[in-house]
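What follows is a single structure, written as structure tokens, with notes after it.
The values are calculated or read from the model by the stated rules, or taken from the named source; none is laboratory data. In this text, all values refer to a predicted model and were calculated from it rather than measured experimentally. Using ideal geometry, Cβ is built from the backbone for each residue, glycine included, and neighbour counts are taken over all protein chains shown. Surface accessibility is based on the protein's heavy atoms, side chains included, excluding ligands, DNA and RNA. Shrake-Rupley method; radii C 1.70, N 1.55, O 1.52, S 1.80 Å.
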Amino acid sequence: MQTHNKITQTALQGFINHFYMKVTFSISQVLLFFVTWLASSSAFAQTDNPMVGLDKWRIHLPYYQGKVVTGGNNVVYCATQYGLFSYNKSDQSLERYSRVTGLSDFEISTIRYSADDHLVLVAYQSANIDLIYDDHTILNLSDITRKNIVGGKGINNILFLNHTAYLSCEFGIVVLDLIRKEIKDTYYIGTGGISANVSQLAYDGSKFYASTIAKGTTPGGIYYADAANPTLFNFESWTKDTTMYQLADPGGSFTSIAAYSGKIFTVYSDTLKLVFDGTTWSDFVSFDHYAQSGFDVYNNYLMLKNVFSVAMYDASLTRVALFYTGLYPQADPKFAFRDADGSYWIADGSNGLVHSSGTAFESLHPNCPSGVGAYAMDSGTEGIWVACGGLIGTGGIPTEEQKGTYWFKDNFWKAYFRENDTIYNSLSDQNTINIAVDPNNGKHAFVGSRGAGVLEYGENGITKVWNQNNSSLKGLDANTVWVGGVDYDVDGNLWAVTNLNSQMLSEYKTDGTWKGFNIGATYADKYVFNLLVDSYNQKWINARGLGLVVFNENDPANPNDDNNTLLTTTAGHGGLPTADIYSLAEDKDQAIWIGSSAGVFVIYNPGNIFSGGNYDAQKVLIEQDGHAQYLLETEYVTAIAVDGANRKWFGTLNSGVFLMSADATKLIHIFNSDNSPLLSNDVQSIAIDPVTGEVFFGTDKGICSYRADATEGGETCDNYFVFPNPVRHEYHGPIAVKGLVKNASVKIADVSGQVVYQTKANGGEAVWDGNNFNGDRAHTGVYMVYVTNEDGSETCVTKVLFTN
């Protein structure tokens, strides 16, 4: 980004007077003059600024865990555990698909490309359906997900035939007309017309074969029917096969079925692979009998997949390819197909999309975090850091999401996890649960783990592991240091709190030494979380279920003058509405905001805690629909962040995100999974990039971000600019003036000096909607942006080219 030179009012007026000499210009000449002047000026903002626009969303899902791959029209699509992306074979470009780009849902069940219909069908775990056409248009069909069906209604598999998609569902078979783009029929094929969990449907040229999975008291089995029968909706048109039961229990589950080379292939009870030659069933001899096996047919090859490998067979049932664990780095093949050029495309559980040509293997996926977890996040001058792991419940049961730590800087994710960080890979406990970014070095961060102590990170991953053997940190036992929280104080020292011991608080000083503090035996058997160091250098510790422990070291040279107290629900001792606390944050007025199972409350005067004054917590009373009520009193508030304008972002367990005014009495935005691209209403963490104002939300289903209209303001006008600039006639979104002095007054004037709009910055950013005071669209021209701080001591001017 280019910086702007300060322009005095005198210089500006001189320029205007010079421009409006007694010379006649046409409007085109005027604009040409301005464009030429702006282009040669250091004030001209670059048009290739990568910043995401105001009010725009981004999705940051992991794309390593490939599960299904499909291809068509020179594009390969890969569905992962959490998202979808494509690879263009012509230009080698990768493209993400998400709710931001037009998808209707997330958590994909399966995908399949139809060459006849020029589309890829995306089926979600919710039974929602999207059709992505070759021209990139997307059509949503939500009939199944909206239908009230008893039991599961997920989509297990897809079969295309004659512009029709046959969807194998947990209740039967849904027939989707791809020309009319509507549900044509539903087949309930179970005995007596009951629902059957259809795992897959095959077509051999004349018959349909459906494999079903045992469900409750309903046994599984193989059903077949004449495909030309006009009454397939009638269960009596389907016959349950009884010829194979010399090999298998009639009540067992059949997890897949495929028709290939004149034979029918199925998998029984996840392990036994059977083949039907038209007369009898027999065992299909293959290289293994591992669990989770399945057959499929793709591009005229038979695929056999299991938990460790994927094999391909030609029409003579000769194996032509085998992809297995160990064949290439972190190999975890899940699905594959052979391309027309003889190469293979593999959906890999660790590498995303893998292209295999001979003995070469290439991993392809968009840049992304290594996992979906985002239990804790923190921001600094160099972007956002994320601790991936998590805990369930008050007892701290670890989640299975242990994918290390990620760092987002300059629109690029850097992930540190088992596959690329040898120190992390060596840890016995890899659950990272809290994080603090060095305020003096945004490339340096400390991460608290559930068992391995404090992990120190640099640009290339973990540089040091701090535990009971090399620091003052104390653990549960000789091998386990469970860190409940980490944070920096105003002097740049790191603090950490550990669980289930009396010396639970430790300081890592800027001189490289550690010091421990014994808080007392009261907390020796307690779980502690959410360490916060406030502007008074007081340490706030959430002793879940007890209240808030507040510690003050006072004189570091005198260990006998340390103070600590427990804030409880008792009036005069904190007056907390509840001791069930989940989040803490300090705002720009030094007030402490507390998120709990009973909403939000605030301690406005934390400096009174050890001075004898009142420090009881207060609830915030707001007006909602004409009624007075306490702020979010029915919500579990799991995350709090404060933006550059001192506004409060509250994340909740069940209702998404609430943006409130600085005093939290006015609601500005509600974001949830219904009205926005927010991935889930279960929000675990929030962090705000102080430079861009982008707000990152860590949910139980991954990370997404929203470009808000507030940034951290400075004391001077440095690196300020307008974005976008120029503003083109087709753009009608918000126009941001960034990099301003804190809470500045901003006026926008035309070149004649007439003010057309004025506002106040949110922290270091102001927003113009492109309209004048009358609400009319501004005329084409160059507009001057005048910025002044509150006392008038700091001013700056920039400009924006606006076309209408």
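For D348, which of the numbered conditions (1) touching a Pro at 6+ places or on another chain (Cβ under 7 Å); (2) closer than 25 Å to S472 by Cβ; (3) at pLDDT 95 or above; (4) of a type outside the set (A, V, I, L, M, F, W, C) fails to hold?
The one condition D348 does not meet is (2).
Quick check on my filter: what residues within region 99-120 are more than 23 Å from the chain's Cα centre (by Cα) and free of Cβ contacts under 8 Å to residues at least 60 places away in the same chain?
Passing the criteria: R112, Y113, A115, D116, H118, L119, V120.
State all residues of region 142-172 that are over 30 Å from the mean Cα position of the chain (by Cα) and more than 23 Å from S237 (Cα to Cα); if no residue qualifies, say none.
V150
Restrict the check to region 731-738 and report whether at least one residue is open to solvent by 10 Å² or more (accessible area, probe 1.4 Å), assigned to a loop (DSSP other than H, G, I, E, B), in contact (Cβ under 8 Å) with a residue 24 or more places away in the chain and more than 29 Å from K409 (Cα to Cα).
Within region 731-738 (the criterion being open to solvent by 10 Å² or more (accessible area, probe 1.4 Å), assigned to a loop (DSSP other than H, G, I, E, B), in contact (Cβ under 8 Å) with a residue 24 or more places away in the chain and more than 29 Å from K409 (Cα to Cα)), the answer is no, since none of the residues qualifies.
So that you can scan it fast, the table gives a plain yes or no per residue for (1) open to solvent by less than 70 Å² (accessible area, probe 1.4 Å); (2) at pLDDT 95 or above; (3) aliphatic (A, V, I, L, M):
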site: K147; (1), (2), (3): no, no, no
site: I155; (1), (2), (3): yes, yes, yes
site: I173; (1), (2), (3): yes, yes, yes
site: K181; (1), (2), (3): no, yes, no
site: D185; (1), (2), (3): yes, yes, no
site: G221; (1), (2), (3): yes, no, no
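Taking region 744-773 only, how many residues are out of contact with any Asp or Glu (no Cβ under 6 Å at 6 or more places or on another chain), open to solvent by less than 50 Å² (accessible area, probe 1.4 Å) and in a loop (DSSP other than H, G, I, E, B)?
Result for region 744-773: 6.
Any chance you could count how many residues in region 504-522 are of a type outside the set (V, I, T), assigned to a loop (DSSP other than H, G, I, E, B) and open to solvent by 50 Å² or more (accessible area, probe 1.4 Å)?
3
I'd like the full set of residues that are in a loop (DSSP other than H, G, I, E, B) and either over 12 Å from E170 (Cα atoms) or modelled with pLDDT of 95 or more (or both), limited to region 193-219.
Going through region 193-219, the residues in a loop (DSSP other than H, G, I, E, B) turn out to be 194-196, 204-206, 214, 216-217, 219.
The answer is D204, G205, S206, G216, T217, P219.
Taking the options S685, S661, name whichever one is crowded, with 19+ Cβ neighbours inside 10 Å, among the small types (G, A, S) and over 19 Å from R99 (Cβ atoms).
The match here is S685.
Every residue in region 441-451 that is open to solvent by 10 Å² or more (accessible area, probe 1.4 Å) and either touching a Pro at 6+ places or on another chain (Cβ under 8 Å) or modelled with pLDDT under 95 (or both), please.
R450 - this is the single residue of region 441-451 that is open to solvent by 10 Å² or more (accessible area, probe 1.4 Å) and either touching a Pro at 6+ places or on another chain (Cβ under 8 Å) or modelled with pLDDT under 95 (or both).
Pairs please, first residue from region 742-765 and closer than 15 Å to D643 by Cα, second anywhere and open to solvent by 50 Å² or more (accessible area, probe 1.4 Å) and not in a loop (DSSP other than H, G, I, E, B), Cβ atoms under 7 Å, 6+ apart in sequence or on different chains.
Final answer for the pair search is N743/K760.
Quick test of your reading of the structure: G192 fulfils all but one of (1) among the small types (G, A, S); (2) in contact with a strand residue (DSSP E or B) (Cβ under 9 Å, 6 or more places away or on another chain); (3) open to solvent by 10 Å² or more (accessible area, probe 1.4 Å). Name the failing condition by number.
Unmet condition: (2).
Show me the strands (runs of 3 or more DSSP E) entirely contained within region 79-142 in which 3 or more residues are at pLDDT 95 or above and hydroxyl-bearing (S, T, Y).
108-114
Name the residue, out of S253, S142, S237, S168, that is open to solvent by less than 40 Å² (accessible area, probe 1.4 Å), more than 27 Å from S126 (Cβ to Cβ) and among the small types (G, A, S).
None of the other options fit; the residue is S237.
Can you tell me which of (1) farther than 30 Å from T218 by Cα; (2) in contact with an Asp or Glu (Cβ under 7 Å, 6 or more places away or on another chain); (3) free of Cβ contacts under 8 Å to residues at least 60 places away in the same chain is the one H136 doesn't meet?
With (1) farther than 30 Å from T218 by Cα; (2) in contact with an Asp or Glu (Cβ under 7 Å, 6 or more places away or on another chain); (3) free of Cβ contacts under 8 Å to residues at least 60 places away in the same chain applied to H136, the lone miss is (2).
Would you confirm whether any residue within region 420-428 is surrounded by 20 or more Cβ atoms within 10 Å (Cβ to Cβ), free of Cβ contacts under 8 Å to residues at least 40 places away in the same chain and over 28 Å from A543 (Cα atoms)?
Checked region 420-428: at least one residue is surrounded by 20 or more Cβ atoms within 10 Å (Cβ to Cβ), free of Cβ contacts under 8 Å to residues at least 40 places away in the same chain and over 28 Å from A543 (Cα atoms).
Within region 322-343, which residues are part of a loop (DSSP other than H, G, I, E, B) and in contact with a strand residue (DSSP E or B) (Cβ under 9 Å, 6 or more places away or on another chain)?
Selection gives T325, L327, Y328, P329, Q330, A331, D332, D339, D341, G342, S343.
So which residues in region 453-467 are open to solvent by 10 Å² or more (accessible area, probe 1.4 Å), assigned to a strand (DSSP E or B) and over 14 Å from Y406 (Cα atoms), if there are any at all? Show your work before the answer.
Within region 453-467, the subset open to solvent by 10 Å² or more (accessible area, probe 1.4 Å) is 456, 458-460, 462-467.
Retained after the next criterion (residues that are assigned to a strand (DSSP E or B)): 456, 458, 462-466.
If the condition is that a residue be open to solvent by 10 Å² or more (accessible area, probe 1.4 Å), assigned to a strand (DSSP E or B) and over 14 Å from Y406 (Cα atoms), then T463, K464, V465, W466 are the ones that fit.
Being aliphatic (A, V, I, L, M), assigned to a loop (DSSP other than H, G, I, E, B) and open to solvent by 10 Å² or more (accessible area, probe 1.4 Å) narrows it down to one of V297, V307, so name that one. Give the steps one after another, and end with the answer.
Working: V297 fails: assigned to a loop (DSSP other than H, G, I, E, B).
Step by step, each of V297, V307 is checked, and only V307 is aliphatic (A, V, I, L, M), assigned to a loop (DSSP other than H, G, I, E, B) and open to solvent by 10 Å² or more (accessible area, probe 1.4 Å).
Would you please name the residue that is most open to solvent (accessible area, probe 1.4 Å), looking only at residues in region 615-627 that are farther than 19 Å from V549 by Cβ and modelled with pLDDT of 90 or more?
L621
Suppose the filter is buried (at least 17 other Cβ atoms within 10 Å of the Cβ), over 30 Å from M303 (Cα atoms), of a type in the set (S, T, Y) and out of contact with any Ser or Thr (no Cβ under 6 Å at 6 or more places or on another chain); does Y375 pass it? Give the steps one after another, and end with the answer.
Working: buried (at least 17 other Cβ atoms within 10 Å of the Cβ): yes; over 30 Å from M303 (Cα atoms): yes; of a type in the set (S, T, Y): yes; out of contact with any Ser or Thr (no Cβ under 6 Å at 6 or more places or on another chain): yes.
So Y375 passes the test.
Would you check if D277 is within 30 Å of T191 (Cα to Cα), exposed (fewer than 14 other Cβ atoms within 10 Å of the Cβ) and modelled with pLDDT of 85 or more?
yes
Select, from A347, A336, A340, A331, the only residue that is in contact with a Leu (Cβ under 8 Å, 6 or more places away or on another chain) and more than 25 Å from S705 (Cα to Cα).
Answer to the selection: A347.
Answer yes if at least one residue in region 393-401 is crowded, with 20+ Cβ neighbours inside 10 Å and within 21 Å of D487 (Cβ to Cβ), and no otherwise.
No, there is no match, as no residue in region 393-401 is crowded, with 20+ Cβ neighbours inside 10 Å and within 21 Å of D487 (Cβ to Cβ).
What residue, of V642, V691, V722, is surrounded by 24 or more Cβ atoms within 10 Å (Cβ to Cβ) and of a type in the set (A, V, I, L, M, F, W, C)? Please lay out each step first, then the result.
Numbers: V642 fails: surrounded by 24 or more Cβ atoms within 10 Å (Cβ to Cβ); V691 fails: surrounded by 24 or more Cβ atoms within 10 Å (Cβ to Cβ).
Result: V722 is the single residue among V642, V691, V722 that is surrounded by 24 or more Cβ atoms within 10 Å (Cβ to Cβ) and of a type in the set (A, V, I, L, M, F, W, C).
Quick check on N554: is it open to solvent by 40 Å² or more (accessible area, probe 1.4 Å), over 20 Å from V528 (Cβ atoms) and at pLDDT 95 or above?
no
I'm trying to understand the selection: among the residues of region 440-452, which are part of a loop (DSSP other than H, G, I, E, B) and over 14 Å from G492 (Cβ atoms)?
K443, R450, G451, listed by residue number.
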